[in-house]
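Novice: Just dropping this structure here.
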C-alpha cells in the first residue's frame, strides 16, 4: 500500500509536467487547429535558459524560471509569426509539416550551439531532501513540481475565465470570423495563446531539467507524451489537458512499477490510439458531428 | 492506342537498361567516377527511393498522412535479416528474404491499417506516429534472444549489392507508376481529393485506403530488407520517428503525389548529405529550414511569398483533402 501511494505521488509529479505541456498543445489546437510539434522543443529551450541562469549566472531558481518563461514566450510568438501565420489559410498538412520543420530546426540549432551531450542542473536546484509523511517519503522536488503546477493552473483558469484576453481566446476558438466581427483582434489573440502556452512549457522545461538531465532532444518524448495527454483529455479542452496529463503520468508510472518498465512508452501511444479510435473527442471533449 | 503503350513501355525498359549500364560503367574501377565511398551513397539513394515511393503512394497519392513509415521498414529489415541469418545469403535466399520482409511489413500494415485508417488528417498522422513508436518499442523488448533487444542484430551478411537496390527501386517505381494509371490509382486520387464525392461515385473508401496502405508498407518492408543487408547491423533506434521524418521529407520535397519528384528529391537529398558530410549538425539545420521554407514558399500568404510565387510562376499548392471544412 505504501509503495502504491509512493508510485501515485511519482505519477502525479511527472503527470503534472505532462499537463503543463499539454495545456500549450490544447490551447493552440483549440484556436488554430494546429498540432504544434515545436511545442516540446520550446520546452527544451526553456530548460536550457533556466540552466544558463541557474548554473552560469547563479540566479535563484524562481527568477530563473520567470526569465525562461519570458524567453520562451518571445520565442513562441516569433515562431507563430514567422512560420504559422503565413499559413493560416493553408491546408492542414502544410502547417503540420511546417511545425515538424520548426521542431527540427530548434533541436538542431540548439545542438549546434550547445552540443549533443546532456547536462545536469546544479545539485538540489529545485530543493533537496525528503519529507516524510508517515511511511511515505516525498522528494521536496516533487512537492515543488506539484505546487507550481497547481499555481500555474489556477492562474491560467483565472486568465481564461475572468480576463478580457481570456474571453477573446474563447471567442476566437469557438468562431474566428464572428469574433473578428465583434472587434476582437484575432492575430493578437493567437499570439497571446502562444505566449501562454510557451510560458507554461518553459515552467515544465525548467522543472523537468532540474529533475533529470537536459539535452537538445529532451523535448521530443515529453512533447509527444504531452500531446497524447491532450488528446486523452479531449483536445481543445483546458481541464481535459490537465486531467489527461495527470492520468497519463499515473498510468505510465503504475505500468512501469507493476508491469514492465520497458513498455512504459508504448503504453502512452497505445492509449492514444485507443482513444482516437474509440472516443476521438477524449474524456472531457465535446463530440462534434461531421456535417456532410 | 495499344501500340502507343507498347512503345512507351519499350522506351521505359530501354531507359532503365541505359541507366543501369551507365551507373555500372561509372562504377568500374578503371573509370572510378563513383568510387567505393560514393557507391555506398548510391545504394542508400536507391533504398531511399524505394521507401519514399511507398510513402508517396500512402501520403501523396491517397492522402493518408502517415508518420510511421520507418516502423514498417524495421519489420522488413528484421524479418529479412533473420531469414538470411538462419539460412544463407545465396541469391535465391536473398530474393526470398526481400519478399518475406516486404510481406511481413505489408501484413502488419494491413492489421494496423484496418482500425487506424478510419481516422483522418492530423489525427491519422499522430496515430501512425504512435504506431511507429509502438513497433519500435515492441521490437526492442519482445524477444531479446531472437531480436537482440536494444543492441539489435549484428553480423547480418552484407547481401545487398547494387543490382539488388537498383532493381528493387525500379520495380517499385514501375509498380507504383502503373498503379497510378490504373482504376485503383484513380480511385486513390479521388479519395485524396474528396472522400465524400469519391464515396458517392461508388468507391469503397476503406478498401482503397487499406490497399494503398498495404502496398506502401510492402515497399517499406522491401526497403527495410535491402537496408539490413546494406548496413549489416540494425538497431530499433535506427527506425524511430526521425527516420520516418527523413522519408516524409523526401516525399514533401519531391512534391506530394509526384513520383518522379520523389526520385529526384531522394537523389538531391543524398547528394546534399554527401556535400555536407563534414558538417553533420548543419545538415539537419538545412533540412529543417528547407522543409519550413518550401511550405511557406508553396502556400504562404504574406505578400513576400505571393510575390515570390509570381516570380517563379508556381501555382499555390492545392490538395483539397486537407482543406478546412
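The values are calculated or read from the model by the stated rules, or taken from the named source; none is laboratory data. Keep in mind the model is a prediction, meaning the values are calculated, not measured. For neighbour counting, all protein chains shown are included, and Cβ atoms are generated from backbone atoms with ideal geometry for every residue, glycine included.
Novice: Could you say whether any residue in region B:209-223 is outside any loop (DSSP other than H, G, I, E, B) and without any contact (Cβ under 8 Å) to a residue 24 or more places away in the chain? I'd like the intermediate steps shown before the answer.
Specialist: Narrowing region B:209-223 to residues outside any loop (DSSP other than H, G, I, E, B): B:209-223.
Retained after the next criterion (residues that are without any contact (Cβ under 8 Å) to a residue 24 or more places away in the chain): none.
Within region B:209-223, none of the residues are outside any loop (DSSP other than H, G, I, E, B) and without any contact (Cβ under 8 Å) to a residue 24 or more places away in the chain.
Novice: If residue B:142 satisfies all but one of (1) surrounded by fewer than 17 Cβ atoms within 10 Å (Cβ to Cβ); (2) over 19 Å from residue A:267 (Cα atoms); (3) within 14 Å of another protein chain (Cβ to nearest Cβ), what's the number of the condition it fails?
Specialist: (2)
Novice: Condition first: within 15 Å of residue B:118 (Cα to Cα) and loosely packed, with under 14 Cβ neighbours inside 10 Å. Now tell me which residues in region B:189-198 satisfy that.
Specialist: B:196
Novice: When you look at residue A:64, is it more than 8 Å from every other protein chain (Cβ to nearest Cβ) and in contact with a strand residue (DSSP E or B) (Cβ under 6 Å, 6 or more places away or on another chain), yes or no?
Specialist: Values: more than 8 Å from every other protein chain (Cβ to nearest Cβ): yes; in contact with a strand residue (DSSP E or B) (Cβ under 6 Å, 6 or more places away or on another chain): no.
Answer is no for this residue.
Novice: Does residue B:138 count as without any contact (Cβ under 8 Å) to a residue 40 or more places away in the chain and assigned by TED's automatic domain parsing to the domain that holds residue B:44? Full working, then the answer.
Specialist: Numbers: without any contact (Cβ under 8 Å) to a residue 40 or more places away in the chain: yes; assigned by TED's automatic domain parsing to the domain that holds residue B:44: yes.
Spelling it out, residue B:138 is indeed without any contact (Cβ under 8 Å) to a residue 40 or more places away in the chain and assigned by TED's automatic domain parsing to the domain that holds residue B:44.
Novice: Hey, another quick one. I'd like to know if region B:147-158 contains one or more residues that are at pLDDT below 90, within 22 Å of the chain's Cα centre (by Cα) and part of a helix (DSSP H, G or I). I'd like the intermediate steps shown before the answer.
Specialist: Initially, region B:147-158 is screened for residues at pLDDT below 90, giving B:147-158.
If we keep only those that are within 22 Å of the chain's Cα centre (by Cα) as well, we get B:158.
Right, trim to part of a helix (DSSP H, G or I) and you get none.
No, every residue in region B:147-158 fails to be at pLDDT below 90, within 22 Å of the chain's Cα centre (by Cα) and part of a helix (DSSP H, G or I).
Novice: Kindly indicate which of B:65, B:83, B:46 is buried (at least 19 other Cβ atoms within 10 Å of the Cβ), free of Cβ contacts under 8 Å to residues at least 60 places away in the same chain and either out of contact with any strand residue (DSSP E or B) (no Cβ under 7 Å at 6 or more places or on another chain) or at negative phi (or both). Give the derivation first.
Specialist: Numbers: B:65 fails: free of Cβ contacts under 8 Å to residues at least 60 places away in the same chain; B:46 fails: free of Cβ contacts under 8 Å to residues at least 60 places away in the same chain.
Criteria check complete, one pass: B:83.
Novice: Output the residue which, of all residues in region A:83-114 that are at pLDDT below 85 and over 24 Å from the mean Cα position of the chain (by Cα), is surrounded by the fewest Cβ atoms within 10 Å (Cβ to Cβ).
Specialist: Once the filter is applied, the top-ranked residue is A:89.
Novice: Any residue in region A:84-105 that's more than 7 Å from every other protein chain (Cβ to nearest Cβ): show its pairings with residues that are assigned to a helix (DSSP H, G or I) and crowded, with 23+ Cβ neighbours inside 10 Å at Cβ separation under 6 Å, as long as the two are six or more apart or on different chains.
Specialist: A:95/A:87; A:103/A:41
Novice: Restricting attention to region A:191-208, does a residue exist that is modelled with pLDDT under 90 and over 30 Å from residue B:68 (Cβ atoms)? Talk me through it step by step, then tell me what you get.
Specialist: To start, the set of residues in region A:191-208 that are modelled with pLDDT under 90 comprises none.
No, region A:191-208 contains no residue that is modelled with pLDDT under 90 and over 30 Å from residue B:68 (Cβ atoms).
Novice: Can you tell me which residue is surrounded by the most Cβ atoms within 10 Å (Cβ to Cβ) among those in region B:178-188 that are more than 16 Å from residue B:54 (Cβ to Cβ) and at pLDDT 90 or above? Working first, answer last.
Specialist: Quick first cut of region B:178-188, residues more than 16 Å from residue B:54 (Cβ to Cβ) only: B:181-183, B:186-187.
Now drop any that are not at pLDDT 90 or above, which leaves B:182-183, B:186-187.
Working: B:182: 10, B:183: 9, B:186: 14, B:187: 22.
By that ranking, first place goes to B:187.
Novice: Suppose the filter is within 18 Å of residue B:188 (Cβ to Cβ), surrounded by 18 or more Cβ atoms within 10 Å (Cβ to Cβ) and in contact (Cβ under 8 Å) with a residue 12 or more places away in the chain; does residue B:60 pass it? I'd like the intermediate steps shown before the answer.
Specialist: Working: within 18 Å of residue B:188 (Cβ to Cβ): yes; surrounded by 18 or more Cβ atoms within 10 Å (Cβ to Cβ): yes; in contact (Cβ under 8 Å) with a residue 12 or more places away in the chain: yes.
Yes, satisfied.
Novice: Now, a different point. Which one of these is within 18 Å of residue A:149 (Cβ to Cβ), in contact with a helix residue (DSSP H, G or I) (Cβ under 9 Å, 6 or more places away or on another chain) and crowded, with 22+ Cβ neighbours inside 10 Å: A:207, A:218, A:211?
Specialist: Values: A:218 fails: within 18 Å of residue A:149 (Cβ to Cβ); A:211 fails: crowded, with 22+ Cβ neighbours inside 10 Å.
Of A:207, A:218, A:211, the one residue that is within 18 Å of residue A:149 (Cβ to Cβ), in contact with a helix residue (DSSP H, G or I) (Cβ under 9 Å, 6 or more places away or on another chain) and crowded, with 22+ Cβ neighbours inside 10 Å is A:207.
Novice: How many of the residues making up region B:106-125 are under 20 Å from residue A:225 (Cα atoms) and modelled with pLDDT of 85 or more? Break it down stepwise before answering.
Specialist: Initially, region B:106-125 is screened for residues under 20 Å from residue A:225 (Cα atoms), giving B:116, B:119, B:121-125.
Filter once more, so that each one left must be modelled with pLDDT of 85 or more: B:116, B:124-125.
Within region B:106-125, residues that are under 20 Å from residue A:225 (Cα atoms) and modelled with pLDDT of 85 or more number 3.
Rundown of residues vs (1) within 14 Å of the chain's Cα centre (by Cα); (2) surrounded by 19 or more Cβ atoms within 10 Å (Cβ to Cβ); (3) outside any helix (DSSP H, G or I); (4) within 14 Å of chain B (Cβ to nearest Cβ), yes/no style:
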| site | (1), (2), (3), (4) |
| --- | --- |
| A:228 | yes, yes, no, yes |
| A:231 | yes, yes, no, yes |
| A:235 | yes, yes, yes, yes |
| A:240 | yes, yes, no, no |
| A:243 | yes, yes, no, no |
| A:249 | yes, yes, no, no |
| A:252 | no, yes, no, yes |
| A:256 | no, no, no, yes |
| A:267 | no, yes, no, yes |
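Novice: Would you point out the residue of region B:249-301, among those that are over 20 Å from the mean Cα position of the chain (by Cα) and outside any helix (DSSP H, G or I), that is farthest from the other protein chains (Cβ to nearest Cβ)?
Specialist: Going through the qualifying residues, I end up with B:277.
Novice: State yes or no: is residue A:22 in contact (Cβ under 8 Å) with a residue 60 or more places away in the chain, more than 24 Å from residue A:243 (Cα to Cα) and part of a helix (DSSP H, G or I)?
Specialist: On the way: in contact (Cβ under 8 Å) with a residue 60 or more places away in the chain: yes; more than 24 Å from residue A:243 (Cα to Cα): no; part of a helix (DSSP H, G or I): yes.
Criteria not met by residue A:22.
Novice: Of the residues B:231, B:252, B:175, B:274, only one is surrounded by fewer than 17 Cβ atoms within 10 Å (Cβ to Cβ), at pLDDT below 90 and in contact with a helix residue (DSSP H, G or I) (Cβ under 9 Å, 6 or more places away or on another chain); which?
Specialist: On the way: B:231 fails: surrounded by fewer than 17 Cβ atoms within 10 Å (Cβ to Cβ); B:252 fails: surrounded by fewer than 17 Cβ atoms within 10 Å (Cβ to Cβ); B:175 fails: at pLDDT below 90.
Going through B:231, B:252, B:175, B:274 in turn, just one is surrounded by fewer than 17 Cβ atoms within 10 Å (Cβ to Cβ), at pLDDT below 90 and in contact with a helix residue (DSSP H, G or I) (Cβ under 9 Å, 6 or more places away or on another chain): B:274.
Novice: In region A:269-288, how many residues are within 13 Å of chain B (Cβ to nearest Cβ) and under 15 Å from residue A:15 (Cβ atoms)?
Specialist: In the first step, residues of region A:269-288 are kept if they are within 13 Å of chain B (Cβ to nearest Cβ); the result is A:269-282, A:285, A:288.
Restricting the remaining residues to those that are under 15 Å from residue A:15 (Cβ atoms) gives A:271.
Qualifying residue count, region A:269-288: 1.
Novice: Here's another thing I want to ask about it. Can you report the number of residues in region A:108-141 which are more than 8 Å from every other protein chain (Cβ to nearest Cβ) and outside any loop (DSSP other than H, G, I, E, B)?
Specialist: 15
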